Amino acid sequence: MVPVTITEPAVRSFLFYSGVLGLKVLSMAFLTARQRHKKNVFANSEDAAMKKGVAVVKFDDEDVERVRRAHLNDLENIPLFWVLGGLYLTTGPSAATAITLFRVYAAGRILHTIVYAVKPLPQPSRAIAFGVPLFITLYMGVQVVSHYIAAY
């Protein structure tokens with residue numbers, strides 16, 4: 001295992017973009033709430049009751065569900081980036097490569113939310129915004145397994 005220290009540029013980049021992605025995941029809750037209030041559509045009767053007579057309980061509003069699916073997509077993909085990105089750093093990648101991967105991954109996940117939930121665009125925009133970060137995660141996973149296969 002390659003020693004990993006906080007002073008390394010790749011590690012600092014990983015920590016920075018991990019923080020950005022963590023804030024991005026948290027922001028999805030606010031984006032969902034904004035969409036619910038805008039549409040007066042809530043998942044719970046007590047929430048709808050706060051807007052007496054205007055709001056309804058509904059589970060299939062297209063706009064709200066689009067934001068929720070984008071949030072779920074983040075929850076399915078970003079934690080894998082955190083795990084595999086951290087493990088990837090232990091393989092001793094070049095700083096330039098690692099930093100580029102982390103930047104492009106974060107940009108792709110942010111772009112995915114924009115084209116999926118904020119300003120929906122036709123395909124293949126969402127597929128590209130999803131696929132590039134997915135490829136990066138797969139690449140890092142393969143690098144980790146390849147690096148440590150000899151030790152196993």
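Every read-out reported here was derived from the displayed coordinates using simple, explicitly stated rules and does not represent laboratory data. Keep in mind the model is a prediction, meaning the values are calculated, not measured. Positions of Cβ are backbone-derived with ideal geometry, glycine not excepted, and every protein chain shown enters the neighbour counts.
Helix 95-113 axis versus longest C-alpha principal axis of the chain: approximately 10°, rounded to the nearest ten.
Positive-end ranking of 80, 42, 54 along the dipole of the stretch 9-148, with charges on Cβ about the Cα centre, is headed by 54. Charges were assigned to the Cβ only: +1 to each Lys and Arg, -1 to each Asp and Glu. The resulting dipole of the stretch 9-148 about its Cα centre is roughly 400 debye. Given the options 49, 127, 98, state which has the largest fluctuation in a GNM of the chain using a 10 Å cut-off (strictly under) for Cα springs. Of the options given, 49 has the highest mean-square fluctuation.
Compared with the dominant principal axis of the Cα atoms in the chain, helix 9-39 is inclined by about 10°. Applying the criteria of a DSSP loop state and at most 15 other Cβ atoms within 10 Å to the chymotrypsin sites (Phe, Trp or Tyr not before Pro) of the stretch 1-102 yields 59. With Cα atoms defining each centre, the stretch 80-152 and the stretch 37-72 are spaced 32 Å apart in the structure.
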